[in-house]
Amino acid sequence: ATPTALLVGTGRGAQLGILIKGPEVLESTRKVDTVVLDKTGTVTTGRMTLLAMHTAHGTDEAEVLRLAGALEHASEHPVARAVADGALEKLGSLPVPEDFANVPGLGVQGIVDGHAVLVGRERLLADWAMELPGELRLRKDAAESAGRTVIAVAWDGEARAVLEVADAVKDTSREAVTRLRGLGLTPILLTGDNRAVAGSVAREVGIDPGQVIAEVLPQDKVDVVKRLQAKGRSVAMVGDGVNDAAALAQADLGLAMGTGTDAAIEAGDLTLVRGDLRAAADAIRLARRTLGTIR
Ligand code: ADP
Ligand code: MG
């Protein structure tokens, strides 16, 4: 590969909104045959909104919003933003938690107004030996079948409510998946979110139901990439979150959304400046073409 040709390739990349860490990155695209796509913030906008709430018998809705909103206000997760914004909109202000901890891939926990509060996946509640009452479980299942992300709210040892949040698939994602396929790549959707939501997003953008890997904890995303590589695949990974950084670094080609976190951008080989997934296809096509001209 002549350095001049590679630099022409990187210059064209900048025009397309693709920042390339170094000319050597282009080499990695040659064999890539699989593209792993993070869901939240990569395929979807990552801007979630609180759509509905269901409370257990005798639980006050405003109390759910106050306690859950207060905790989530301290987190930067897209789900947390949706809950905090929804709560602030209804209540005007929120208490400051006395204690707060982020539980990656599961939710948040802490103390608000003297109550021990959990907000997150059902699995987080299970870790504290709590389960959803039957009425809330039915609500959760129905909402998830409809493609919504459902999180639970518990305090003082009891599950009290479920919240429905959702974000939208970016309007460019479907075309991006078609283009990636056109380059001969197999797209795989990878997410910490639940299977039903993941399946519904996959359907919307045209990813095979068999190529959906859901309910993966942040620290396990990198293992998914390793497993694919162990099977002989050459893997491109596209992600935006702190939870994607290790997988981006492990991948043969890491593509970070420029709209995402610094951790992802630092871990990636390429940055898609505008956060448009179509640029992932542009990047791979450009790299192949650049290499093609110099072979
Ligand atoms: P993704 O892989 O799609 O980017 P994450 O791994 O960040 O998603 O999160 C997985 C799931 O964990 C979310 O869909 C949500 O159900 C739950 N979760 C994570 N953080 C929070 C939070 N702060 N509050 C509530 N739920 C959360
Ligand atoms: Mg993400």
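Cβ-Cβ distance of Asp60 and Asp262, R₀ of 41 Å, FRET efficiency by 1/(1 + (r/R0)^6): the value works out to about 0.55. Between the listed residues Ile284, Ser200, Leu88, the Cα displaced farthest toward the positive end of the dipole of the chain, a dipole computed from Cβ unit charges relative to the Cα centre, is found at Ile284.
Given +1 on the Cβ of Lys and Arg, -1 on the Cβ of Asp and Glu, and no further charges, what dipole in debye does the chain carry about its Cα centre, rounded to the nearest 20?
Charge dipole of the chain: 1840 debye, to the nearest 20.
Under 1.5 on a/c is rounded, so check that first for the range 143-295, then, if it is not, pick prolate when a/b is larger than b/c and oblate when it is not; a ≥ b ≥ c are the square roots of the alpha carbon gyration tensor eigenvalues. Note, shape of the range 143-295 comes out prolate. Taking other Cβ atoms within 10 Å as a rough exposure proxy, Lys231, Lys170, Lys21 sort from fewest to most as Lys231, Lys21, Lys170. Between the range 109-160 and the range 79-106, what's the alpha-carbon centroid distance in Å? The distance from the Cα centre of the range 109-160 to that of the range 79-106 comes to 14 Å.
What percent does the relative contact order of the chain come to when contacts are Cα pairs within less than 8 Å and at least six residues apart?
That works out to 25 percent.
Extension gain, Lys226-Glu76: 0.36 nm per intervening residue step, less the Cα-Cα distance, totals 51.2 nm. Take the alpha carbon gyration tensor of the range 49-166, find the square roots of its eigenvalues, order them as a ≥ b ≥ c, and report rounded if a/c is under 1.5; if not, report prolate when a/b exceeds b/c, else oblate. It comes out rounded by the Cα gyration axes. In a fully extended conformation the segment linking Arg47 and Ala249 would gain 70.2 nm over its present Cα-Cα distance, using 0.36 nm per residue. Its Cα centre serving as origin, the range 136-220 has a Cβ charge dipole (Lys and Arg +1, Asp and Glu -1) of approximately 240 debye. The tail of the calculated P(r) for the range 178-261, taken as Cα-Cα distances beyond 20 Å, holds 32 percent of the pairs. Scaling the Cα radius of gyration of the chain by the globular reference 2.2 N^0.38 Å produces a ratio of 1.09. When each of the peptides 108-115, 159-166 is scored by the mean number of other C-beta atoms lying within 10 Å of its residues, the order from highest to lowest reads 159-166, 108-115. Once C-alpha pairs closer than 8 Å and six or more residues apart are averaged by separation and normalised to the residue number of the range 49-166, the relative contact order reads 30 percent. Of the peptides 210-220, 241-251, the order by per-residue mean of other Cβ atoms within 10 Å, starting with the highest, comes out as 241-251, 210-220. Dipole magnitude for the range 49-166: computed about the Cα centre from +1 point charges on Lys and Arg Cβ and -1 point charges on Asp and Glu Cβ, it is near 320 debye. Taking other residues whose beta carbon is less than 9 angstrom from the beta carbon of Gly239, and scoring Lys, Arg as +1 and Asp, Glu as -1, yields -2.
Since every read-out is calculated from the coordinates, none of them should be taken as a lab result. Just so it is clear, the model here is predicted, and its values are computed rather than measured. Quick reminder, even Gly has a Cβ in these numbers, built from the backbone with ideal geometry, and neighbours come from all protein chains shown.
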